[in-house]
Amino acid sequence: MGMTMTQKILAAHAGVDEVVPGQLIEADIDLVLANDITGPVAIRELKKADLNKVFDKNKVALVMDHFVPNKDIKSAEQCVECRDFAREHGIVNFFDVGRMGIEHALLPEQGIVAAGDCIIGADSHTCTYGALGAFSTGVGSTDCAAGIATGKAWFRVPSAIKVELTGTKAPWISGKDVILHLIGEIGVDGALYESLEFCGPGVAELSMDDRFSIANMAIEAGAKNGIFPVDEKTVAYMEGRVPRAWKVFEADADAEYERTVTIDLSTLRPTVSVPHLPENAKPVEELADVEIQQAVIGSCTNGRIEDMRVAADILRGRHVAPWVRAIVIPATQDVYLQCIREGLAEAFIEAGAVISTPTCGPCLGGYMGILAAGERAISTTNRNFVGRMGHVDSEVYLSSPAVAAASAVTGHITDPATL
């Protein structure tokens with residue numbers, strides 16, 4: 001029986017010729033990731049188990065991104081734990097204020113993850129790196145601790161869903177619209193512990209930033225991971241970034257899939273997920289009467305340079321509605337600097353938006369944009385659960401940067417094509 005991309009990567013890292021869905025394996029890990037929320041938990045578990053060691057100082061990444069610069073004493077103490085651990089063990093890939101970025105944008109940008117890698121992270125959106133043709137998945141802090149100490153992890157080999165992309169994108173359609181449409185079609189548990197494997201001629205239509213956005217939200221369909229084939233765009237992205245060899249894995253022609261979902265990109269409309277689940281996807285025109293008080297453009301899903309450019313294109317020469325707070329969060333320091341150099345930051349400020357240092361901040365209801373009771377936000381983040389961005393009586397609508405920026409201008413959910 002043939003294997004999928006994910007199954008081939010797992011087999012290679014388990015040191016076996018083949019694996020089958022449902023099989024339990026122990027695999028070598030190329031990178032273990034934690035942040036300022038999950039890192040301290042993992043570090044404490046290591047100390048409890050008397051395993052205060054690191055299997056490879058080059059293959060552990062600690063990224064301070066959720067509450068930095070620190071918002072309060074508790075967040076400061078959590079970062080101190082990570083800083084002390086990183087210094088004690090000589091962690092090479094430690095990112096703090098001034099160097100940090102949102103982890104799932106930062107690690108690809110810095111060339112730390114690459115095609116063919118097997119990656120675990122104590123953050124559910126670790127699945128982002130599948131955009132590069134890697135197997136990457138989120139784990140709990142205890143499994144993260146074991147990975148830090150041993151360089152190994154247990155997996156149950158997932159079965160797969162083939163997502164075949166066809167057609168050509170219309171203007172203002174992005175990877176975010178693709179993944180919101182898919183989750184709307186299959187549901188938040190539609191790919192439970194399965195691999196979402198994207199393929200088809202439509203893949204060539206997607207930029208790398210589109211692919212990162214799509215892979216990032218695979219978890220929102222319940223998937224173990226999302227993964228894209230490696231093509232010319234992938235190679236071009238990695239060249240000059242990744243300072244080591246990578247390996248390309250391709251699905252066998254006779255690989256087995258649980259089912260196939262086909263998405264014709266030419267038929268997609270700008271898509272918005274309404275509260276309180278990502279699966280509640282609707283075309284933007286059905287929501288024109290929904291008023292907003294806040295727009296957030298950023299996060300590990302949509303804080304990359306293409307996202308910033310799209311938002312600036314819409315905001316340039318226009319102004320945010322007087323009752324709307326528009327918050328723009330470049331995902332990394334490099335993206336922030338590029339916004340300045342390209343004049344995007346100027347466009348945001350002149351339009352009445354604010355620009356934050358890179359942070360996960362409002363996405364998880366942490367800081368930098370918390371909602372009060374009765375308030376409503378449109379956001380390029382990845383979750384719109386009850387209370388996700390603040391009060392349990394607030395609401396979050398998920399969208400692309402284009403829709404979020406257009407909505408910030410009008411004060412209600414807006415199709416960017418109508419501006």
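Some observations on this one:
- Considering segment 134-146, and only residues there that are in a loop (DSSP other than H, G, I, E, B) and in contact with a strand residue (DSSP E or B) (Cβ under 8 Å, 6 or more places away or on another chain), the residue that is most open to solvent (accessible area, probe 1.4 Å) turns out to be Val139.
- Those residues of segment 253-265 which are loosely packed, with under 14 Cβ neighbours inside 10 Å and not polar (S, T, N, Q), in sequence order: Ala253, Asp254, Glu258, Arg259, Asp264
- Looking only at residues of segment 284-304 that are assigned to a helix (DSSP H, G or I) and within 14 Å of the chain's Cα centre (by Cα), we find that the one that is surrounded by the fewest Cβ atoms within 10 Å (Cβ to Cβ) is Cys300.
- Failed criterion for Val97 (all others in (1) at pLDDT 95 or above; (2) of a type in the set (Val, Ile, Thr); (3) surrounded by fewer than 21 Cβ atoms within 10 Å (Cβ to Cβ) hold): (1)
- If you go through segment 371-419 and keep only what is of a type in the set (A, V, I, L, M), touching a residue at least 60 places away in the same chain (Cβ under 8 Å), over 22 Å from Glu306 (Cα atoms) and surrounded by fewer than 16 Cβ atoms within 10 Å (Cβ to Cβ), you end up with just Val386.
- Of the listed requirements (1) without any contact (Cβ under 8 Å) to a residue 40 or more places away in the chain; (2) within 23 Å of Met217 (Cα to Cα); (3) over 19 Å from the mean Cα position of the chain (by Cα), Glu342 misses just one: (2).
- Output for segment 336-351, where each listed residue is exposed (fewer than 13 other Cβ atoms within 10 Å of the Cβ) and of a type outside the set (A, V, I, L, M): Arg341, Gly343
- Screening Met368 with (1) open to solvent by less than 50 Å² (accessible area, probe 1.4 Å); (2) at positive phi gives one miss only, at (1).
- Pairs linking a residue in segment 292-314 that is under 15 Å from Ala347 (Cβ atoms) to a residue that is of a type in the set (Phe, Trp, Tyr) and open to solvent by less than 10 Å² (accessible area, probe 1.4 Å), with Cβ atoms under 7 Å and 6 or more positions apart or on different chains, are Ala312/Phe348.
- Residue count for segment 266-276, restricted to those that are in a loop (DSSP other than H, G, I, E, B), open to solvent by 40 Å² or more (accessible area, probe 1.4 Å) and either modelled with pLDDT of 95 or more or more than 15 Å from Gly187 (Cβ to Cβ) (or both): 1
- Evaluating Ala76 against the criteria (1) open to solvent by less than 70 Å² (accessible area, probe 1.4 Å); (2) over 21 Å from Leu31 (Cβ atoms); (3) assigned to a loop (DSSP other than H, G, I, E, B) leaves one unmet condition, (3).
- Helices (runs of 4 or more DSSP H) completely within segment 147-245 that count 3 or more residues being within 20 Å of the chain's Cα centre (by Cα), surrounded by 24 or more Cβ atoms within 10 Å (Cβ to Cβ) and in contact (Cβ under 8 Å) with a residue 24 or more places away in the chain: 175-186, 208-216
The values are calculated or read from the model by the stated rules, or taken from the named source; none is laboratory data. Values in this document were obtained by computation on a predicted structure and should not be read as measured data. Cβ coordinates were reconstructed from backbone atoms using ideal geometry, including for glycine residues, and neighbour counts include every protein chain displayed. Surface areas here come from the heavy atoms of the whole protein model, side chains and all, with no ligands, DNA or RNA. Shrake-Rupley method; radii C 1.70, N 1.55, O 1.52, S 1.80 Å.
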